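Read through the structure below, which is laid out as structure tokens, and then see the notes.
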Amino acid sequence: MRSSPYILLCVLLCVQCGSCIPDSGTSRPQILLVTLDTTRFDRLGFINKDFIELTPHLNELAQQACVYRRAYSTVPTTLASHTSMLSGTYPHQHGVHENGRYLSADLPLLGESLPDYRSAAFVSAYPLQGEFGLKRGFDHYDQPLSQEQTANVTADKVIAYLQNVDPSRPHLIWVHFFDAHHPYKQHAEFPNLGGYESEIAFVDKHLGRVLTAFRARFDDQSKAIVVVPDHGEGLGKGGEQTHGSLLTEATIRTPCLVWSSWGQGQVVDEALSTRRVFDIVLSLSKGQFEARGFCEDWVFSEALQPYFQFGWAPLVSAQNSSQKWISSSDFRGWQTLALSEASIPERDEINEEARSLLANYPVGQQEDSSIALDDAARENLASLGYTSFATGSSVDDEERPHPYDQVHLLPLLDEASDRFANHAYDEAAIKFEELKLKDPNNPSVALRLAVCYSFLDRVQEADQEFQRSARLVSNDSDLKLYYGLHCARFKRWAETIELLQPFADTQPPQNLALQALAQAFEATGRLEDAKRALGRLGRMSDNTSLVLKWALLSVQVKDYTSACEAFARASSMLGSDFKHQMDYGDALLALERFDEAGRIFETMDPNHPLYWVACYRRAQVAVITGNADVDMWFDRARSGASPQLLKAINNDPLFRDKVR
């Protein structure tokens, strides 16, 4: 397929001159919001006729919709972009610039802003997991159990939900499709398409199912549909294959479709910020929609991932219907924008209005919220290509290179990051060493090279890179975590404790940090601290060895309450394979929970070497509780007792009247 240099909609759309005007009786319409992850505007048939066969359902919707042809994502990153759309704010206002960050509880969100609506969300990828904050206000929030789920699965869930809703109530349903995100899958049903285009066609197919089900469920009711990508995909444009680092049209320009049962189709060429999706939905909920009322003279986008992670200059753009200007370590821009946009912006023509606007766009340090990410969250984000520092680079602004001058490094960064995420540390180290020479102030390279060296047992080189990382970032929790784990790996316990102590009480628990701390505390004789760290782990872990270690260490420090909690958890996990009835029962006896202790002793396997001791303990419980079966357990204990155990039984005051 060949991309068209022009945006051609006339064959598909009914073009109107006025705004969409609602008719009477359209209050409280049913609303469907669809966000398409990583979807380039020029791969949609209603935008680019070269791809008209790719998106038949979107094309059909566009024929009667208001089509914003020049919408711009606030940021080419999933969570940050969706936060803008669901809050109506720019990233510098809501504070989320990357994936893996947590929203402020004070940020009003779309689900909370429509209290009369029954709201449901169906997200398809880990970056939008409810734990990060976007589920607030939604009555139902469906998310994948793994890193992502495909469009057919998401569509099935939405359709099943629609079948059970009460149509007499107003509903807001948000559906998110993630398939077009790298890595791309080649779908067998679209054999003649490239991987990326195949994903878009696959999404369109299942979006069509959702559109049909939505319209059918609310057949004779007022309703509205909004469809918008969160951002695009580089596919090599400007040197970026994926997204997140640059502000090319390929990564930040999107269309936005707004269809309503009372409106008319029209095309809008003025600039629209995707953050206005929030306001559009609120307007639609009132049965109102004035298309151009949401457009602005200038809209803004940012790509601060390289700023925080790579030590590059911040990248912010301002765009209107015909121009885009980028502010970084210098000022660059395009005077005219089209599909044929140049890879590198020009420096010679300067728009002073845009320069002034960009000078006032706030770029600051983000809060260190990644300390709250647990190990599973870090692994899930890394598997999708997202890695991050907690607070970002502390490199002086004057030393930061312009991202557009660094684009030649992006393929190498992607290769190194991919090998790192897949634990191929020897291969990753070679790539990061090359990057170190080409980009010496990149803290992400320094940290990950240090981790590679650590896993490769190149201890001295690892220490040097960790120390170099510390010079490039300021008091960063990720650096402390990885450096602390490195020290634990080589039994440098004092350093381990110093670096990982801040993770002892974080929520959610940091499993790797807590395990390393427990080892360090035990090795240095701080058993109570070791028990506490193991307890935090054991209460949430499925690792039976770890839970049993918590139990036994609790016994050692005479914390029998924790010991019983741990043994109970281990017993439920292991079932018939649980072999610590003696320890568990003795801990219960120490707490004078005699009946429970008796039941535990009774479950001891007769083939266990301590079985006769358990019978003795059970007989003791019977005496203490006045149980009638004392003789049975007393005789059983004596029948198999070793000479040493028999002596203990004969000398036990509890059985004085039974010993002849």
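The values are calculated or read from the model by the stated rules, or taken from the named source; none is laboratory data. On a predicted model such as this, the values are computed, not experimentally measured, just so you know. With ideal geometry, Cβ positions are generated from the backbone for all residues, glycine too; neighbour counts draw on all protein chains shown. These area figures cover heavy atoms from the full protein model, side chains too; ligands, DNA and RNA do not enter into them. Shrake-Rupley method; radii C 1.70, N 1.55, O 1.52, S 1.80 Å.
The mean sequence distance of close C-alpha pairs (under 8 Å, at least 6 residues apart), as a share of the length of region 485-642, puts its relative contact order at 11 percent.
Within a straight-line Cα-Cα reach of under 19 Å, Lys579 can be paired with the following lysines, leaving aside sequence neighbours fewer than 8 residues apart in one chain: Lys549. Working ranking of peptides 303-314, 549-560, 528-539, 423-434 by packing, defined as the average number of other Cβ atoms within 10 Å per residue, highest first, is 303-314, 528-539, 549-560, 423-434.
Calculate, for region 578-638, the solvent-accessible area per residue in square angstrom, rolling a 1.4 angstrom probe over the heavy atoms of the protein chains.
49
Mean projection of the Cα convex hull over all viewing directions, computed for region 53-103: 4.8 nm².
For the charge dipole of the chain, defined by +1 on Lys and Arg C-beta atoms and -1 on Asp and Glu C-beta atoms about the Cα centroid, which residue among Leu517, Pro314, Met573 has the Cα displaced farthest towards the positive pole? The Cα lying farthest towards the positive end belongs to Met573. Per residue, the convex hull spanned by the Cα atoms of the chain measures out at 189 cubic angstrom.
In order along region 175-186, phi translates into HN-Hα couplings of 10, 10, 10, 10, 4, 6, 6, 5, x, 8, 9, 8 Hz, rounded to whole numbers, per the Karplus curve 6.51 cos²θ - 1.76 cosθ + 1.60 with θ = phi - 60° and x for Gly and Pro.
Between Ser572 and Gln63, the distance separating the two model label sites (each 7 Å from Cα on the Cα→Cβ line) works out to 5.8 nm. Taking label points 7 Å from Cα along the Cα-to-Cβ direction, Asn164 and Asp116 give a separation of 2.7 nm. Peptides 283-293, 234-244, 82-92, ordered by how many other C-beta atoms sit within 10 Å of their residues on average, highest first, read 82-92, 234-244, 283-293. Here region 615-660 is treated as an ellipsoid with the same Cα gyration tensor; its semi-axes, largest first and in whole Å, are 16, 11, 8. Ligands, DNA and RNA left out, the 1.4 Å accessible surface of the chain is 48% carbon and sulfur atoms. Taking the empirical scaling 2.2 N^0.38 Å for compact globular proteins as reference, region 429-501 has a Cα radius of gyration ratio of 1.04. Put simply, the convex hull of the Cα atoms in region 571-626 casts, on average, a shadow of 3.5 nm².
In the frame of its principal axes, region 177-246 has Cα extents of 49, 30, 14 Å, reported largest first. Against the empirical 2.2 N^0.38 Å (N residues), region 44-157 has a Cα radius of gyration ratio of 1.20.
Given N residues in region 233-277, what is Rg(Cα) / (2.2 N^0.38 Å)?
1.52
By a 1.4 Å probe calculation restricted to protein chains, Asp139 has an accessible surface near 80 Å², given to the nearest 10.
Filter the cross-link list Lys223/Lys286; Lys49/Lys205; Lys135/Lys286; Lys49/Lys324; Lys438/Lys480 down to pairs whose alpha-carbon distance in this structure exceeds 20 Å. Pairs exceeding the cut-off: Lys135/Lys286; Lys49/Lys324; Lys438/Lys480.
Heavy-atom accessible surface of region 223-317, averaged per residue, reaches 20 Å², computed with a 1.4 Å probe. Could you give me D for region 538-660, from Stokes-Einstein at 25 °C and 0.890 mPa s, where the hydrodynamic radius is the Kirkwood radius over C-alpha pairs? Units µm² s⁻¹, please. In µm²/s, the coefficient rounds to 164. Counting heavy atoms of the protein chains alone, Lys491 has an accessible area of about 140 Å² for a 1.4 Å probe.
What aspartates and glutamates sit close enough to Lys658 to cross-link, taking a C-alpha to C-alpha distance under 18 Å and skipping anything fewer than 8 places away on the same chain? Straight-distance partners of Lys658: Asp629, Asp631, Asp635. Placing +1 on the Cβ of every Lys and Arg and -1 on the Cβ of every Asp and Glu, with no other charges, gives the chain a dipole of roughly 1660 debye about its Cα centre. In vacuo Debye scattering of region 392-517, one point per C-alpha: log10 I(q)/I(0) at q = 0.09, 0.17, 0.21 Å⁻¹? With one equal scatterer per Cα and no solvent, log10 I(q)/I(0) is -0.26, -0.90, -1.23. Hydropathy at least -1.0 by Kyte-Doolittle, axial extent at least 15 angstrom from the Cα trace: which helices of the chain, defined as entire DSSP H runs, fit? Length and hydropathy pass: 151-162, 195-217, 410-421, 425-438, 443-455, 477-489, 511-523, 527-538, 544-556, 560-574, 611-625, 630-640. Here the calculated FRET efficiency for Leu282 and Val153, from their Cβ-Cβ distance with R0 = 30 Å, stands at 0.50, rounded to the nearest 0.05. Rounded to the nearest 500, the helix-only mean residue ellipticity at 222 nm of the chain stands at -12500 deg cm²/dmol, with each DSSP H run of n ≥ 4 adding -39,500 (n - 2.57).
Backbone amide hydrogens, once placed in the peptide plane, bring Ser119 within less than 5 Å of Asp139, His140, Leu172, excluding anything fewer than 5 places away on its chain.
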